[in-house]
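The values are calculated or read from the model by the stated rules, or taken from the named source; none is laboratory data. Source: prediction; values computed, not measured. Neighbour counts run over all protein chains shown; Cβ positions are idealised from the backbone, glycine included.
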């Protein structure tokens, strides 16, 4: 299997980890009954800081993940897989992998650098789609 698709699978696993980590935080805070119920409460107490950051990290991932997937699958469809998609996929995954715990821990500037690494990976993959 090509490294691009290994990284695609890895980033999907990372997204699932993010979902479960944030869900666990909400369940710890609001309780099992809330988690298993209809969640109709309109005035829930604010999330604790870590869970709030995990949900924001998840939303941030969901802003770029569809773009990365589209660029990678598009590049594969037109036969443009190569060093750009390989490097792009690795950079996107590694950047997102580092970003998640940094955001959860509330680390400011280094987190932004990790986000930028992931964006370089996305842009490299898009470059491969558009220009080969």
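Can you tell me which residues in the stretch 43-61 are without any contact (Cβ under 8 Å) to a residue 12 or more places away in the chain and either touching a strand residue (DSSP E or B) at 6+ places or on another chain (Cβ under 9 Å) or part of a helix (DSSP H, G or I) (or both)? Outline the logic, then answer.
Step one: list which residues in the stretch 43-61 are without any contact (Cβ under 8 Å) to a residue 12 or more places away in the chain, which gives 43, 46, 52, 59.
Scanning the stretch 43-61 gives 52, 59.
So which residues in the stretch 17-38 are over 15 Å from residue 51 (Cα atoms) and either in contact with a helix residue (DSSP H, G or I) (Cβ under 9 Å, 6 or more places away or on another chain) or assigned to a helix (DSSP H, G or I) (or both), if there are any at all?
Going through the stretch 17-38, the residues over 15 Å from residue 51 (Cα atoms) turn out to be 32-34, 36-38.
Within the stretch 17-38, 32, 33, 34, 36 qualify.
Select, from 102, 67, 73, the only residue that is part of a helix (DSSP H, G or I) and in contact (Cβ under 8 Å) with a residue 24 or more places away in the chain. Reasoning before the result, please.
On the way: 102 fails: in contact (Cβ under 8 Å) with a residue 24 or more places away in the chain; 73 fails: in contact (Cβ under 8 Å) with a residue 24 or more places away in the chain.
Of the residues listed, the single one that is part of a helix (DSSP H, G or I) and in contact (Cβ under 8 Å) with a residue 24 or more places away in the chain is 67.
Among the residues of the stretch 36-55, are any closer than 26 Å to residue 108 by Cα, loosely packed, with under 13 Cβ neighbours inside 10 Å and modelled with pLDDT under 95?
So far as the stretch 36-55 goes, yes, one or more of its residues are closer than 26 Å to residue 108 by Cα, loosely packed, with under 13 Cβ neighbours inside 10 Å and modelled with pLDDT under 95.
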